[in-house]
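Data first, discussion second: the structure below is written as structure tokens.
The values are calculated or read from the model by the stated rules, or taken from the named source; none is laboratory data. Please read all numbers here as calculations on a predicted model, not as lab measurements. Cβ placement follows ideal geometry from the backbone for every residue including glycine, while neighbour counts extend to all protein chains displayed.
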Amino acid sequence: MKRESLRNCKRIVVKVGTSSITYPTGKVNLGKMELLARELSDLHSAGRELVLTSSGAVGAGVGKLNCPPPSTLPEKQALAAIGQGILMHMYEKFFSEYSKSVAQVLLTRDCFSDPERYLNSRNTLFSLLNFGVIPIINENDTVAVDELKFGDNDTLSAMVACNVEADLLIILSDIDGLYDSDPRKNKSARLIPEVSEITQTMVENSKAKGSLLSSGGMFTKLSAARMTMLGGIPMVIASSEEPDIIRRVAKGEHLGTLFLPSREGYASRRQWIAVGSAAKGWLTVDGGAEEALLRRGKSLLPSGVVKIEGLFEVGEVVGVKNASGLEIARGISNYGHDDAVKILGKHTAEIEKILGHKHYEELIHRNNMAILA
């Protein structure tokens, strides 16, 4: 993979750390936030889809109360609750100056480990992107005990990148990439421009923590890189101090450290659906639905399903067969078995009347489906 290929990345997740948008005092750095909003807005206007993962809630809370950095978990959670509103207020203000709409999305680990919550968060993010909105994501620090103890938004940003099938993850930091040793201690440390494999030596050299108000460091960034590389997504670590850094990385300039994906992105990100997961049930479709799935890239609607087999829950993987019994696709079901049976063969306009609700029009959305035939 060459740097120039980053120019073709349409969906980009950008992560900014606490040190990138706050002063050492903890107060919000309005100048940096404004520049960030301008860069992202310009890329959005150029046709890119953007997701921003932003730290800084605890730091903003510290700045608001003018207190020392928190030393206990309850203090961190309280300051996160105070600071998150401040953070979003500033983002809303700056992005609105460029006629961009933003949305706050607070996530916890179970949004990725629980199948139903994973599906819901994924569908919500896809809907926001379809609306032309820039989602601003943060860890729900007020309730995420485990995330505050060890956690970091580097890992969160990698999970989000995989969730939305991003083409690129950019992590902005107070350091301009991965070095062969700590540049703050060794002036002869050398920047590593590209990484195709994360070695044990890299991990051992990365265990220093970040700033007092941050929860991560280079170690957590390598953990994020490992996740995106396996998911087929390139990742760049670069300095937030570099002018126009996001636009320049997206143009393919040789800045920071590029972590090369281990395999092709689109196929690998759905590979677990196709071959890495066991189907919990089966949906047999008619000829019209088969044509829509295979030839026109459509979602699977209840009206095209003629038979349902097996017991499955919302968010579990089901196989899709044609009338001859050949498996033609596999995907994540929006409805559990009981509800799916009730709307079998029905038009989407009838779903709410039958079930009393209509969370989704599709049994399987095309974004959550791997075509096998």
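A compact table of results
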{"quantity": "Residue match in the stretch 39-50 (condition: closer than 21 Å to Gly252 by Cβ, assigned to a strand (DSSP E or B) and not polar (S, T, N, Q))", "calculated": "yes"}
{"quantity": "Residues that are hydrophobic (A, V, I, L, M, F, W, C) and within 20 Å of Thr18 (Cα to Cα), drawn from the stretch 227-249", "calculated": "Met235, Val236, Ile237, Ala238, Ile245, Ile246"}
{"quantity": "Test: residue in the stretch 5-13 that is under 21 Å from Gln104 (Cα atoms), part of a helix (DSSP H, G or I) and at pLDDT 90 or above", "calculated": "no"}
{"quantity": "Residue match in the stretch 95-104 (condition: part of a helix (DSSP H, G or I) and either closer than 30 Å to Leu260 by Cβ or of a type in the set (Gly, Ala, Ser) (or both))", "calculated": "yes"}
{"quantity": "Test for Glu92: is it modelled with pLDDT under 95 and either among the charged types (D, E, K, R) or not in a helix (DSSP H, G or I) (or both)", "calculated": "no"}
{"quantity": "Residues of the stretch 7-66 satisfying the condition of being of a type in the set (A, V, I, L, M, F, W, C), buried (at least 19 other Cβ atoms within 10 Å of the Cβ) and over 20 Å from Lys93 (Cβ atoms)", "calculated": "Cys9, Ile12, Val13, Val58, Val62"}
{"quantity": "Of residues in the stretch 67-77 being in contact (Cβ under 8 Å) with a residue 40 or more places away in the chain and part of a helix (DSSP H, G or I), the one surrounded by the most Cβ atoms within 10 Å (Cβ to Cβ)", "calculated": "Lys76"}
{"quantity": "So Glu352, is it on the phi < 0 side of the Ramachandran plot, free of Cβ contacts under 8 Å to residues at least 40 places away in the same chain and over 29 Å from the mean Cα position of the chain (by Cα)", "calculated": "yes"}
{"quantity": "Qualifying residue in the stretch 15-31 (condition: modelled with pLDDT of 95 or more and in contact with a helix residue (DSSP H, G or I) (Cβ under 6 Å, 6 or more places away or on another chain))", "calculated": "yes"}
{"quantity": "Selected residue (only one of Ala46, Ala103, Ala60, Ala81 is of a type in the set (Gly, Ala, Ser) and in contact (Cβ under 8 Å) with a residue 60 or more places away in the chain)", "calculated": "Ala81"}
